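Peer 1: First the structure, then my questions, so here it is.
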Amino acid sequence: MSRQDQAEGYLFSGETDGANKKKHKAPFVALVVVLVLALAAGGFYYYAKGTCEKALEQADALEFAQAFETFGGIPLGEKLFSIESEYIAAGELAAAGDYDAAIKAFTALGIYRETPTALKQVRYLQAAQVLESGAYMDAAALFEAIGDYRDAPEKAIEAKLMRADALADAGNFESAKELLGELMDEGCEQAGEALIAVYKRSAADYAEKEQYIKACNELLELEAKEGVDVEQQIARYRKKAYDSAVSDYRAGDYAASTALMEALGDYEDAETYLFLANVHTKTAWVAADALGAVQQLAVLILKEDAAELLVSRQELAEQFLAGYWEGDGCYFSMESDGYISYDLPYVDYGDYYYIEDGVVLLYPEEDPNATEELFSIRVITVDCIQVYAYGDGGTYTLTRG
């Protein structure tokens, strides 16, 4: 072989080796790329899987907002973990306060992971929201439906107690008492304390409206039912009722006074005021009743207007003035048949007379409404009267003869 051939041989041989080297490098690079991609994919999977597990653990612990935030860090998480995504999304609805939607979403998941507990938690949160809104009985029903989850039974009672308090605030004391009575029947000790408070509030409300008898009745009922000592308050309300009845009598409201005095029963001078009010309002008298009334009025002559009542009506005046009265050089006589005679200065008028509110009125037979005043009689004691004579404008003191 010539040197030229050797050179060509070497040249050919070298070119062949280089080509072979290039051919071996290409598969190696591709393998490296595949390995890198595989490692990256594996790393992403383990990251995504670990993050999903963390989010699930947070959701299982009922940390709905944190679970949603954690799961949100997984790219394409909804595609990669669909059922897990639904579970966590249901919790996010609860965290956002959309409890109806959350309940629907958790219910659709069946018994997946801690879904039953999550459902109870959502219903608990919903009941708490309803309670805060003031729909106390609705909240109580929701808490009761949860069963013994957390403090739901206690919350149901709390809601009913709040409802009773709201009823009392609105003045609906009877409904409040009824609700609290039901709670007491269920063994709620707090209801007993609340019931006492409602009775006292009801009594105070009646007293504020000056309905003192009703205030007393509330406390009497409380005393009978719960054995609470409220005697001092009852005594105060009875005194106020009595004072109110006396005021009504003095104002001429005999019906109101009578109602209060009857309700008070045997209290101070209640019977006396009942009698006086009856004398004022009685419209027809027979002689026997008039005599009995005059005898009782004579005993009470210094009480209120008992003295005025003795000569307030014809029938009463005839019984009281019956007999002979004299003084200041004059006399006045009342016969048993109602006929009167006198020598006091007089007005010459009419044919007949009648006595009304202490005034002796004359009138002609043909017109009883055409009256003229003859005397005005004021009772001083059982045996002493003062007579004002319209005839001369003088006042004469007469005593029973």
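The values are calculated or read from the model by the stated rules, or taken from the named source; none is laboratory data. These figures come from a predicted structure and were not determined experimentally. Because the Cβ atoms are built from the backbone with ideal geometry, glycine has one as well, and the counts that use them run over all protein chains shown.
Peer 1: Report, by residue number, each residue of region 388-401 that is free of Cβ contacts under 8 Å to residues at least 60 places away in the same chain and in a strand (DSSP E or B).
Peer 2: Tyr388, Ala389, Gly394, Thr395
Listed here are the residues, each with its yes/no results for (1) under 30 Å from Arg250 (Cβ atoms); (2) in contact with a Leu (Cβ under 7 Å, 6 or more places away or on another chain); (3) of a type in the set (S, T, N, Q).
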{"position": "Gly292", "(1), (2), (3)": "yes, no, no"}
{"position": "Leu302", "(1), (2), (3)": "yes, no, no"}
{"position": "Ala306", "(1), (2), (3)": "yes, yes, no"}
{"position": "Gln314", "(1), (2), (3)": "yes, no, yes"}
{"position": "Leu321", "(1), (2), (3)": "yes, no, no"}
{"position": "Glu326", "(1), (2), (3)": "no, yes, no"}
{"position": "Asp337", "(1), (2), (3)": "no, no, no"}
{"position": "Asp343", "(1), (2), (3)": "no, no, no"}
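Peer 1: Right, here's the next one. When you scan region 248-257, how many residues do you find that are surrounded by fewer than 21 Cβ atoms within 10 Å (Cβ to Cβ) and over 30 Å from the mean Cα position of the chain (by Cα)?
Peer 2: Here the count works out to 6.
Peer 1: Suppose we filter Glu304, Glu318, Glu326 for residues that are of a type in the set (Asp, Glu), in contact (Cβ under 8 Å) with a residue 24 or more places away in the chain and over 16 Å from Phe375 (Cα atoms); which single one remains?
Peer 2: That would be Glu304, the only listed residue that is of a type in the set (Asp, Glu), in contact (Cβ under 8 Å) with a residue 24 or more places away in the chain and over 16 Å from Phe375 (Cα atoms).
Peer 1: Working only within region 265-289, note down all residues that are within 16 Å of Glu304 (Cβ to Cβ) and aromatic (Phe, Trp, Tyr).
Peer 2: Result: Tyr273, Phe275.
Peer 1: Further, regarding this structure: Output the number of residues of region 202-224 satisfying the condition of being surrounded by 14 or more Cβ atoms within 10 Å (Cβ to Cβ), more than 29 Å from Thr281 (Cβ to Cβ) and either without any contact (Cβ under 8 Å) to a residue 12 or more places away in the chain or not assigned by TED's automatic domain parsing to the domain that holds Gly192 (or both).
Peer 2: Looking only at that region, the number is 2.
Peer 1: Could you say whether any residue in region 239-255 is outside the structural domain of Ala159 (by TED's automatic domain parsing), β-branched (Val, Ile, Thr) and outside any loop (DSSP other than H, G, I, E, B)?
Peer 2: For region 239-255, residues outside the structural domain of Ala159 (by TED's automatic domain parsing), β-branched (Val, Ile, Thr) and outside any loop (DSSP other than H, G, I, E, B): present.
Peer 1: Of the conditions (1) small (Gly, Ala, Ser); (2) without any contact (Cβ under 8 Å) to a residue 24 or more places away in the chain; (3) not in a loop (DSSP other than H, G, I, E, B), Ala370 fails just one. Which one is it?
Peer 2: (3)
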